[in-house]
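Student: What follows is a structure written as structure tokens; I'll ask about it next.
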Amino acid sequence: MPQPLAYGEDVLLVEPGKTRTYLVRLEEDKAFHSHRGLIPHAAIVGKEEGQSVTTNTGFAFLVFRPRIGDRMFKVKRRTQIVYPKDAGWAVLALDLKPGMRVLEMGTGSGAFTLLLAQLVGPEGKVYTFDRRAEFLENALANIARAGFSERVQAGILTAGEPFPVAEVDAVFLDLPSPWEAIPAAYAALAPGKPLALIVPTAEQLKQSVAALSEAGFVAVEVVELLERHILVREREGVRPSERMTGFTGYLVTARKAAPPPKPTPQETETF
């Protein structure tokens with residue numbers, strides 16, 4: 001049975017026919033203000049998703065609960081975020097499931113952390129690290145707003161330092177120099193488990209792939225994703241939009257191979 005919208009939760013106000021949306025936390029005695037007019041939060045509470053709500057100027061917005069992709073785009077940003085088109089590929093590469101333990105290095109604004117936390121579920125855990133305390137503070141506020149604080153454990157860490165967790169199910173790196181963290185990621189991963197990373201330049205890509213091979217990762221795959229919306233219109237016809245989300249980074253995935261077995265004393269004995 002559909003649950004009506006209530007105080008204390010976030011809603012997404014959508015301008016019909018437009019791409020403009022607003023993420024709003026419903027609070028008593030508060031109102032939403034925009035160029036289209038004013039909507040008291042009390043006028044939204046009690047409605048069901050998909051219904052419309054009208055401003056004092058007579059303009060109607062549609063109201064929904066936000067999807068995780070909406071939340072990712074609406075985080076308070078201190079850094080660039082992982083775009084949903086890249087995030088979708090990454091979580092498939094990481095083979096995420098409820099109950100998993102996932103390690104993330106390069107929390108940034110926490111947008112991708114939100115997606116990880118939703119996918120691992122209440123029984124899973126996301127261990128996220130960043131070298132900047134101010135970035136981590138902002139990210140944790142974004143994570144708390146989404147209601148995922150209990151699923152996320154965060155800390156300050158510099159790339160190259162050992163991770164304080166072991167036998168994790170997946171690792172994601174979003175760093176200027178991911179090769180510095182790749183040996184530590186290999187040590188933290190359970191055998192056979194995947195790693196994914198994103199880098200913005202070909203030079204970083206080449207150095208990262210070399211570091212993966214040297215550390216003991218195999219099945220390395222690199223892709224670039226482009227996203228273009230299609231305009232479907234009654235009179236003007238159907239055609240691709242002039243604008244598109246083009247290059248946002250090289251995506252890399254690999255899997256941890258087991259280290260070679262240590263030679264037995266008989267095998268190392270010389271005559």
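The values are calculated or read from the model by the stated rules, or taken from the named source; none is laboratory data. Remember, it's a predicted structure, so these values are computed and weren't measured experimentally. Note: ideal-geometry Cβ built from the backbone for every residue, glycine included; neighbour counts use all protein chains shown.
Student: For the stretch 13-29, which residues satisfy the criterion of being surrounded by 14 or more Cβ atoms within 10 Å (Cβ to Cβ) and either out of contact with any Lys or Arg (no Cβ under 7 Å at 6 or more places or on another chain) or part of a loop (DSSP other than H, G, I, E, B) (or both)?
Tutor: Passing the criteria: Leu13, Val14, Glu15, Thr21, Tyr22, Val24, Leu26.
Student: Take Gly37 and tell me if it is among the small types (Gly, Ala, Ser), under 30 Å from Ala190 (Cβ atoms) and more than 15 Å from the chain's Cα centre (by Cα).
Tutor: no
Student: Right, next: Criterion first (in contact with a Leu (Cβ under 8 Å, 6 or more places away or on another chain), part of a loop (DSSP other than H, G, I, E, B), assigned by TED's automatic domain parsing to the domain that holds Val252 and more than 29 Å from Pro2 (Cα to Cα)) does Thr107 satisfy it?
Tutor: Criteria met by Thr107.
Student: Can you say whether Glu49 is in contact with a helix residue (DSSP H, G or I) (Cβ under 9 Å, 6 or more places away or on another chain), outside the structural domain of Phe73 (by TED's automatic domain parsing), in a loop (DSSP other than H, G, I, E, B) and exposed (fewer than 15 other Cβ atoms within 10 Å of the Cβ), as far as the supplied structure shows?
Tutor: Working: in contact with a helix residue (DSSP H, G or I) (Cβ under 9 Å, 6 or more places away or on another chain): no; outside the structural domain of Phe73 (by TED's automatic domain parsing): yes; in a loop (DSSP other than H, G, I, E, B): yes; exposed (fewer than 15 other Cβ atoms within 10 Å of the Cβ): yes.
It is false that Glu49 is in contact with a helix residue (DSSP H, G or I) (Cβ under 9 Å, 6 or more places away or on another chain), outside the structural domain of Phe73 (by TED's automatic domain parsing), in a loop (DSSP other than H, G, I, E, B) and exposed (fewer than 15 other Cβ atoms within 10 Å of the Cβ).
Student: Follow-up question, since we're still on this one. Out of (1) basic (Lys, Arg); (2) buried (at least 16 other Cβ atoms within 10 Å of the Cβ); (3) at pLDDT 95 or above, what's the single condition that is false for Arg36?
Tutor: (3)
Student: A further question on this structure: Considering only strands (runs of 3 or more DSSP E) fully contained in the stretch 202-271, which possess at least 3 residues that are under 18 Å from Ala181 (Cβ atoms), assigned by TED's automatic domain parsing to the domain that holds Trp179 and at pLDDT below 85? Quick ask: steps written out before the conclusion?
Tutor: On the way: elements: 217-223, 227-233, 237-245, 250-256.
No strands (runs of 3 or more DSSP E) qualify here.
Student: Could you check the stretch 76-127 and list, in sequence order, the residues that are within 22 Å of Gly246 (Cβ to Cβ) and of a type in the set (D, E, K, R)?
Tutor: Arg77, Lys85, Asp86
Student: Out of curiosity, is Ser213 among the hydroxyl-bearing types (Ser, Thr, Tyr), at negative phi and surrounded by fewer than 10 Cβ atoms within 10 Å (Cβ to Cβ)? Full working, then the answer.
Tutor: Values: among the hydroxyl-bearing types (Ser, Thr, Tyr): yes; at negative phi: yes; surrounded by fewer than 10 Cβ atoms within 10 Å (Cβ to Cβ): no.
Judged against the criteria, Ser213 is not a match.
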